[in-house]
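Below you'll find the structure, written out as structure tokens, and then a few comments.
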Amino acid sequence: MEPVRTCVGCRARSSRSALLRVVSIDSVLVLDERAVMPGRGAWVHETPECMDAAIRRRAFVRALRVTGTLDTQTIEKRLNGYGNKVNGSK
């Protein structure tokens with residue numbers, strides 16, 4: 001049975017493979033596509049609605065237990081299509 005995680009954007013439970021793991025490195029949100037980076041992680045659906053809700057509600061700050069603000073440029077670039085890999089690979 002596959003592990004289940006909760007999306008910080010919509011608060012719905014989904015399988016781990018349906019969500020993206022996000023970690024904070026020096027107050028910058030970084031996508032952990034292989035889900036192996038050290039440290040505390042937050043899980044979110046790869047949809048603009050869930051990402052926007054998580055950023056707007058400061059859910060990443062709470063889930064990752066960081067103080068202050070987080071730089072969300074990498075996630076916003078991913079939403080706009082700049083971070084996608086070639087040929088649709090993960």
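The values are calculated or read from the model by the stated rules, or taken from the named source; none is laboratory data. Since the model is a prediction, treat every value here as computed from it, not as a measurement. For neighbour counting, all protein chains shown are included, and Cβ atoms are generated from backbone atoms with ideal geometry for every residue, glycine included. The accessibility values were calculated without ligands, DNA or RNA, using every heavy atom of the protein model including side chains. Shrake-Rupley method; radii C 1.70, N 1.55, O 1.52, S 1.80 Å.
Side notes on the structure shown:
- Against the criterion of being surrounded by 14 or more Cβ atoms within 10 Å (Cβ to Cβ), modelled with pLDDT under 95 and closer than 24 Å to Pro3 by Cβ, Leu79 does not qualify.
- The residues of region 4-29 that are under 15 Å from Leu70 (Cβ atoms), surrounded by fewer than 16 Cβ atoms within 10 Å (Cβ to Cβ) and touching a strand residue (DSSP E or B) at 6+ places or on another chain (Cβ under 7 Å), listed by number, are Ser27, Val28.
- Some residue of region 40-56 being open to solvent by 40 Å² or more (accessible area, probe 1.4 Å), on the phi > 0 side of the Ramachandran plot and part of a loop (DSSP other than H, G, I, E, B): no
- Residue list for region 19-38, restricted to those being of a type outside the set (D, E, K, R) and in contact (Cβ under 8 Å) with a residue 24 or more places away in the chain: Leu19, Leu20, Val22, Val23, Ser24, Ser27, Val28, Leu29, Val30, Leu31
- Some residue of region 3-14 being in contact with a Leu (Cβ under 7 Å, 6 or more places away or on another chain) and modelled with pLDDT of 95 or more: yes
- Residue count for region 36-78, restricted to those that are among the β-branched types (Val, Ile, Thr) and within 11 Å of the chain's Cα centre (by Cα): 6
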